[in-house]
Amino acid sequence: MQVAVFGRNFPPYARENIATMFSKFNMLNVDVWVFEPLMDFLQKKAGLRPKIAGLFTSHKDLPEGLDFLFSLGGDGTFLETVNLVRDSGIPVLGVNIGRLGFLSYISQENMDESLESVFSGKYDIEERMLLKVEVPGVDLDDMAVALNDVRIYKTSGSLITIHVKINQEFLSAYWADGLLLSTPTGSTAYNLSVGGPIVVPESNSFVLSPIAPHNLTVRPLVLPDSAVLQLSVDTRDSQFQLAVDSRTTDLDVDATVTIRKAAYSLKMIRIENISFYSTLRNKLMWGADRRN
């Protein structure tokens, strides 16, 4: 078996569990490939020197035939794995050593038990929808695909006007600070903060949510994942901001952004006894009420 481990650094309280994880790999004769900056941290800051098969720095360095990719960190770290696995089909497993870790099914408290489940085959694989972003004449490179959301946003204090077409039909012009298109996975992230609905992962839909709109006649809109959106911007500035998950760039005001469902999905490992609904209850305190 071959696995890759991605991350950057972690707090001191996680050291023992991370050491346990690498010991488990060694005990099971797993070939381990480690992200080079993480290996540097393990050796110089954490005092760990795990036995590994090799190092990688990008998707180009990952060996063929990987069984899993472990993401060590929070949700931001997990989002970065999208550009590592790309369309390879490598399943990703999140190990939460951050704060919320909504995308991570292994926590510090259940590390050993969860690893046992993974290596004994007691897990499911969820197919998580991705968004494909295209801008004519612009090479987006690592910003071409999103797991959580795509955001159009102002670059200064002034409102922008975002013109939206869906399948070539004009929908509306949004006067706002910005506009957010979210996947079901991203519905519990920024989309939740701007008043959008939570959407279960199996839903074949997007959510289009205005960010601080300057009118009362627009609300979050749920769209089928077959929809193709074209967004153009009017603004006093010469540019506007495009954000794809946590990555941002500025685009010229005459640019048109096209967003659609990507041709491939992210394979996400889910431990058998953990569900989306239990995650809602435990991490977002869903339905928390002393009467319950």
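Quick check for you: which residues of segment 171-210 have the amide N under 15 Å from the point 7 Å beyond the Cα of residue 217 toward its beta carbon?
It comes to 171-176, nothing else.
Under the rule of at least 5 residues apart or a separate chain, name every residue whose amide H is placed under 5 Å from the amide H of residue 55.
34
Please arrange 260, 99 by counting, for each residue, the other beta carbons lying within 10 Å of its beta carbon, fewest first. Please report the intermediate quantities before stating the final value.
Details: 260 17, 99 9.
Ordered by Cβ neighbours within 10 Å, fewest first: 99, 260.
Find the centroid of the Cα atoms in segment 202-251 and in segment 113-190, then give the distance between the two in whole Å.
Result: 9 Å between the Cα centres.
Label points 7 Å out from Cα along the Cβ direction at residue 59 and residue 16: separation in nm?
A separation of 3.9 nm, rounded to one decimal place.
For the chain, set up a GNM with springs between Cα atoms under 10 Å and report which of 32, 138, 233 has the largest fluctuation.
For the chain, modelled as a Gaussian network with Cα springs under 10 Å, the answer is 138.
Zone of residue 26 (label point 7 Å along Cα→Cβ, backbone N under 16 Å): which residues in segment 35-51?
Taking a point 7 Å out along Cα→Cβ of residue 26, the residues of segment 35-51 whose backbone N falls under 16 Å are 39, 42-44, 46-51.
Among 126, 36, which comes first, then next, by fewest other beta-carbon atoms within 10 Å?
Lowest to highest Cβ neighbour count: 36, 126.
Non-local amide H neighbours of residue 178 (under 5 Å, H modeled in plane, Pro and chain starts lacking H): which ones?
211
Between residue 175 and residue 161, what length comes free when the chain is fully extended (0.36 nm per residue of separation minus the Cα-Cα distance, one decimal in nm)?
On the way: separation 14, 0.36 × 14 = 5.04 nm, distance 0.46 nm.
Computed gain between residue 175 and residue 161 is 4.6 nm.
Just so you know, all these numbers are worked out from the coordinates, no wet-lab data involved. Note that the coordinates shown come from a computational prediction; the quantities given were computed from them, not determined experimentally. We place every Cβ from the backbone using ideal geometry, glycine too, and count neighbours over all the protein chains shown.
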